[in-house]
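A short worksheet on the structure shown next.
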Amino acid sequence: QVQLVESGGGLVRPGGSLRLSCAASVASVNVFSIYTMGWYRQAPGNQRELVAGISGISGGGKTNYPDSVKGRFTISRDNAKKTVYLQMNSLSPGDTAVYYCNAAIGSITVWGQGTQVTVSS
């Protein structure tokens, strides 16, 4: 079973950038590489929403983003390090939320503990 640990959250001014990391504790690089990985966020009073996804090796590492973050957020993965990243640029207060890493394959879905991102002047 994979375990996920996020890092990189914090306080940033509007217009700033942050890079989140999600390290997976999993048996092998080969196992990690087949997981579809995603970043979600949840602001107080809101539902958890997908902000970036990247397919596993069978899907060619295809990425997807909602319109709200397209062009500002970039997801990437380093299978050798069993880590997925979320580069966030041009942040605004509306991006303030707890950001969660997710790993999914078949009926299995695993969540990290979340990392707080606060965008404020």
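Between Val31, Val2, Thr115, the Cα set farthest toward the positive side of the dipole of the chain (charges on each charged residue's Cβ, about the Cα centre) is that of Val31.
Would you calculate, for the chain, the mean residue ellipticity at 222 nm contributed by helices, counting each DSSP H stretch of 4 or more residues as -39,500 (n - 2.57) and dividing by all residues, to the nearest 500? Don't skip to the answer; put the middle values down first.
Working: 1 runs with 6 residues, N = 121.
That comes out to -1000 deg cm²/dmol.
Counting only protein heavy atoms and a probe of 1.4 Å, the accessible surface of the chain is 50% carbon and sulfur. When only alpha carbons are used to place a centre, the stretch 73-110 and the stretch 1-44 end up 4 Å from one another. With the simple model of a label 7 Å out from the Cα in the direction of the Cβ, Ala104 to Ser28 spans 2.6 nm.
When the inverse distances between all different Cα atoms of the stretch 1-120 are averaged and flipped, the Kirkwood radius reads 14.2 angstrom. Residues in the stretch 73-88 carry Karplus couplings, in order, of 10, 9, 9, 8, 9, 10, 4, 4, 9, 6, 9, 10, 10, 9, 8, 10 Hz; the curve used is 6.51 cos²θ - 1.76 cosθ + 1.60 with θ = phi - 60°, and Gly or Pro positions show x. Accessible surface for the chain, divided over its residues, is 51 Å² per residue with a 1.4 Å probe. Taking all protein chains together and a 1.4 Å probe, the residues Ile105, Ile75, Ile57 rank Ile57, Ile105, Ile75 from largest to smallest accessible area.
The values are calculated or read from the model by the stated rules, or taken from the named source; none is laboratory data. Keep in mind that this is a model prediction, so the values were computed, not measured. Quick reminder, even Gly has a Cβ in these numbers, built from the backbone with ideal geometry, and neighbours come from all protein chains shown. The area values use the complete protein model at the heavy-atom level, side chains included, leaving out ligands, DNA and RNA. Shrake-Rupley method; radii C 1.70, N 1.55, O 1.52, S 1.80 Å.
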